[in-house]
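Since the structure comes first, as structure tokens, the remarks are kept for the end.
Here, each number is a calculation from the coordinates, and none is a lab measurement. All values reported here derive from a predicted model rather than from experimental measurement. Methodologically, a virtual Cβ is constructed for each residue, glycine included, from the backbone with ideal geometry; neighbour enumeration extends over all protein chains shown.
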Amino acid sequence: MTLRFHNTLTGNIDEFVPQTPGKALIYTCGPTVYDYATIGNLASYIYWDTLVRILMANDFEVVRVMNITDVGHLTSDADEGEDKLEKGAKRDGKTAWEIASFYTAAFIDAMNQLNLIKPQYLAKATDYIQDQLNLVRKLKDKGFTYQISDGIYFDTSKFPSYADFAHLDLDAQKAGARVEFNPEKRNHSDFALWKFTPTGTKRDMEWETPADLIEESDEKVMGFPGWHLECSAISMSILGETLDIHTGGIDHIPVHHSNEIAQSEAVTGKRFSNFWLHNEFLKVNGTKISKSLGNFFTLADLENKGFTPIDFRMFVLQGNYRNEGNFTLEGLAAAKNRLHNWRNVAALRHQTHDTIQADEEKNQNEKTVSLYASSQAIIEAISNDLGTPEALRIIDDSFTKILKARLKNINHQTLIKFLSTIDYTLGLRLVDSTPDINDDLKQLIIERNSARIAKNWDKADELRKKLLERGIVLRDNENESIWEYKD
Ligand code: AMP
Ligand code: ZN
């Protein structure tokens with residue numbers, strides 16, 4: 001199937017062509033681990049998980065790296081302000097190392113709960129300090145860097161295509177320069193590669209600046225990497241000089257990704273990534289997610305309100321990554337309800353049998369529900385720039401068809417295959433979350449059916465109630481009774 005994605009580099013929906021046929025090298029900008037991930041951050045990782053899954057469904061081998069920013073991300077993108085990790089450490093009365101380790105574990109836990117496929121490489125910035133320093137050295141040797149009192153900077157004027165990726169208007173940027181602009185910088189858009197620990201201070205995370213990188217200093221100068229540097233250093237160290245796909249939120253386009261491109265391409269002279277995918281932001285009740293507004297939801301907050309991580313995953317998949325999302329609790333409740341209905345369709349597999357021939361739906365009678373075309377249509381919809389809303393619509397239509405059919409016309413194997421396609425591409429755990437009921441419950445259903453056939457309505461009602469108390473609802477069709485989960 002042809003895969004197409006919106007590529008920020010070209011501004012078009014381009015057919016995905018990897019460097020090596022059948023293999024996709026992907027880099028995803030990871031979280032800054034100074035706090036719990038918000039549902040906005042998590043939405044972004046759900047989108048990129050869909051990307052990985054659809055590549056795999058199209059038989060690609062995916063090699064993926066995600067960094068963990070555990071040092072150097074300052075509170076302002078203009079290389080000013082405090083390091084978020086050091087700030088978080090003060091807030092929680094811990095060291096920056098402890099903060100990093102705690103919130104990295106929390107992030108991995110959230111990934112597991114959301115059923116996100118773990119990248120083969122989860123790389124911490126602090127584990128790649130030497131690689132980052134080597135990159136600074138190469139940039140210095142090529143004349144792209146300069147030193148000012150607080151660190152070593154990249155001179156964006158030496159990289160003529162700097163403004164191209166984000167279509168930046170550098171003159172306008174200069175004219176509107178904010179107060180925080182550091183007057184020692186040569187150009188407004190220049191950015192720190194390596195910052196020096198301010199004199200008289202000691203950071204939790206700091207490393208000695210190699211002597212050959214500093215101009216005129218007899219003393220040891222401690223320092224730490226600028227935030228942008230880690231992504232270039234880590235991705236090139238693990239995946240090589242050119243990526244197939246780089247992903248991140250749209251906020252990264254004008255600064256972080258423009259800087260990644262500049263510092264990587266300045267060193268290699270090659271294109272850093274052939275595809276750049278960016279997700280739009282998720283808002284909460286129409287407003288930007290921010291701590292001060294108190295709408296900083298985490299997975300735990302949603303769970304406290306009675307929602308599971310997979311409910312949230314369903315909510316996110318209902319939208320397209322290129323459209324701004326709006327999170328509301330009502331919207332989440334609707335997603336939860338949709339998922340519940342889907343689970344009850346998944347549970348039908350315990351109540352169906354193999355009709356005639358399992359494979360290829362060939363020799364079946366014409367009433368047998370066919371799902372092969374729907375499976376293909378789901379993959380096609382997602383292959384088309386991650387069209388998950390369309391995929392979900394196809395699933396709804398197919399499930400409606402299944403619910404209308406008699407059980408004997410639903411082939412057990414066909415249904416299982418269809419559910420596996422859904423789980424594989426959308427990660428909704430439909431199969432895992434819908435176990436068969438136990439023999440006791442099955443016995444009660446048999447007894448109730450007998451009572452019904454014997455027109456013993458009192459007994460039938462009593463047994464129905466008993467089942468309900470144990471979480472099972474019976475849906476009676478003309479000729480058959482189907483069990484469903486109450487919750
Ligand atoms: P951070 O931990 O702040 O570096 O963010 C991690 C990722 O989440 C980045 O790729 C951001 O672009 C993305 N992101 C942050 N906020 C949102 C949001 N509200 N909606 C979607 N993505 C977001
Ligand atoms: Zn990055």
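As a ratio to 2.2 N^0.38 Å, the alpha-carbon radius of gyration computed for segment 439-485 takes the value 1.01. Ranked by the mean number of other Cβ atoms within 10 Å per residue, highest first, peptides 81-88, 139-146 order as 81-88, 139-146.
Would you please report the Å³ per residue occupied by the convex hull of the alpha carbon atoms in segment 4-279? Walk me through the intermediate numbers first.
Working: hull volume 35.0 nm³, N = 276.
Considering the Cα atoms of segment 4-279, their hull volume per residue is 127 Å³.
Simple point charges give the picture: +1 on the Cβ of Lys and Arg, -1 on the Cβ of Asp and Glu, and for segment 81-126 a dipole about the Cα centre of about 40 debye.
Three principal axis extents of segment 300-426 based on alpha-carbon atoms, in descending order, are 49, 31, 21 Å.
Can you tell me the equivalent ellipsoid semi-axes for the chain? Use √(5λ) from the Cα gyration tensor, largest first, whole Å. Intermediate values should be presented prior to the final figure.
Details: eigenvalues 560, 120, 63 Å².
With the √(5λ) rule applied to the chain, the semi-axes are 53, 24, 18 Å.
The stretch between residue 167 and residue 333 holds 55.8 nm of extra length on full extension. This uses 0.36 nm per residue minus the Cα-Cα distance.
The value of relative contact order for segment 4-279, using C-alpha pairs under 8 Å at least six residues apart, is 24 percent. The amide H of residue 482, built 1.01 Å from its N in the peptide plane, has 475, 476, 477 as neighbours under 5 Å, considering only residues 5 or more places off or on other chains.
Projecting the Cα atoms of 289, 67, 175 onto the charge dipole of the chain (Cβ charges, centred on the Cα centre) puts 289 farthest toward the positive pole. Under the convention that each Lys and Arg Cβ holds +1 and each Asp and Glu Cβ holds -1, the size of the dipole of segment 306-433 around its Cα centre is about 440 debye. Only beta bridges with both residues in the chain are counted; by DSSP, about 50 percent of them are antiparallel. A full extension of the chain between residue 215 and residue 300 corresponds to an added length of 25.7 nm, given 0.36 nm per residue minus the alpha carbon distance.
Percent relative contact order of segment 300-426, based on C-alpha pairs within less than 8 angstrom and at least six residues apart? Show your work: numbers first, answer last.
On the way: 121 pairs, mean separation 39.5, N = 127.
That works out to 31 percent.
Taking the average, over residues, of other Cβ atoms within 10 Å as the packing measure, peptides 96-106, 366-376 rank 96-106, 366-376 from highest down.
Amide H contacts under 5 Å for residue 197: 222, 223, 224, restricted to partners 5 or more places along the chain or on a different chain, H placed in the peptide plane at 1.01 Å from N. Mean sequence separation of contacting Cα pairs (under 8 Å, at least six apart), scaled by the length of the chain, corresponds to a relative contact order of 16 percent.
Per-residue ellipticity at 222 nm, computed for the chain from helices alone with -39500 (n - 2.57) per DSSP H run of at least four residues, works out to -12500 deg cm²/dmol.
For segment 300-426, the residue among 413, 373, 426 whose Cα projects farthest onto the positive side of the dipole built from Cβ charges is 413.
When the dipole is taken about the Cα centre of the chain, and only Lys, Arg (+1) and Asp, Glu (-1) are charged at their Cβ, what size is it in debye, to the nearest 20? Write out the running numbers ahead of the final one.
Values: 56 positive and 72 negative charges, 347 e Å.
Here the chain has a charge dipole of around 1660 debye.
Across the options 233, 258, 445, the greatest Cα extent toward the positive end of the charge dipole of the chain (unit charges at beta carbon of Lys, Arg, Asp, Glu) belongs to 445. Whole-Hz Karplus values for segment 239-250 come out as 10, x, 6, 10, 8, 7, 9, 10, 10, x, x, 5 Hz, taken residue by residue from phi with 6.51 cos²θ - 1.76 cosθ + 1.60 and θ = phi - 60°; glycine and proline positions read x. Working note: Karplus 6.51/-1.76/1.60 with θ = phi - 60° gives segment 64-81 the couplings 10, 10, 10, 8, 10, 7, 10, 7, x, 7, 8, 5, 10, 5, 8, 6, 10, x Hz, where Gly and Pro are set to x. When both segment 399-444 and segment 161-238 are represented by their alpha-carbon centers, they are found 55 Å apart.
Spacing of the modelled spin labels on residue 146 and residue 323, each 7 Å from Cα toward Cβ, amounts to 4.7 nm. Remark on residue 64: its backbone amide H falls under 5 Å from those of 26, 120, 121, a criterion applied only to residues 5 or more positions apart or on other chains, H modelled at 1.01 Å from N.
Please give the net charge around residue 242, taking every other residue with its beta carbon less than 10 angstrom from that of residue 242, where Lys and Arg add +1 and Asp and Glu add -1.
Numbers: positive: 270, 271; negative: 241, 244, 265.
That sum, taken over residues with Cβ under 10 Å, equals -1.
Using a 10 Å cut-off on Cβ atoms, rank the peptides 441-447, 228-234 from the highest mean neighbour count down. Can you show the working numbers first?
Values: 441-447: 15.0, 228-234: 27.9.
So the peptides 441-447, 228-234, ranked by packing, come out 228-234, 441-447.
Across segment 461-478, coupling constants 3J(HN,Hα) worked out from phi with the 6.51/-1.76/1.60 Karplus curve, θ = phi - 60°, read 5, 4, 5, 4, 4, 4, 5, 4, 4, 9, x, 10, 9, 9, 10, 8, 9, 3 Hz, and Gly and Pro carry x.
Around residue 298, what is the net charge, scoring Lys/Arg as +1 and Asp/Glu as -1 over all other residues with Cβ under 12 Å from its Cβ? Surrounding charge for residue 298 is -2.
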